[in-house]
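Data block below; observations after.
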Amino acid sequence: MTLQRQGKKEQEIDLFFISLRPKVLLQISTGPMLLAMLGARAYSELIQSIGQSAEEILRGDRLPVLPFPEPQKIEQIE
């Protein structure tokens, strides 16, 4: 990628086979950047909701109370 001067104020960015002005390149890249930001936000909300669901599943409020076995006393022979 190189910058080339053509005239006094006009600059173009040379990309392999085509050359674009920075203004056009900015316009082209704005849409995908906004979509990426919205996708990242949606992904973050999805991960948070999955985490909350997992927390609800693993919370101990809904588990049944299990009977705890009493320790057995062992008689010692002396």
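The values are calculated or read from the model by the stated rules, or taken from the named source; none is laboratory data. Here the structure is a predicted model, which is why all the values come from computation and not from measurement. Methodologically, a virtual Cβ is constructed for each residue, glycine included, from the backbone with ideal geometry; neighbour enumeration extends over all protein chains shown.
For residues that are part of a strand (DSSP E or B) and loosely packed, with under 10 Cβ neighbours inside 10 Å, scanning just the range 7-45, find the one that is modelled with the lowest pLDDT.
The extreme case among them is Glu10.
Can you pull out every residue in the range 30-72 that is more than 16 Å from the chain's Cα centre (by Cα) and of a type in the set (D, E, K, R)?
Glu55, Glu56, Arg59, Asp61, Arg62, Glu70 - these are the residues of the range 30-72 that are more than 16 Å from the chain's Cα centre (by Cα) and of a type in the set (D, E, K, R).
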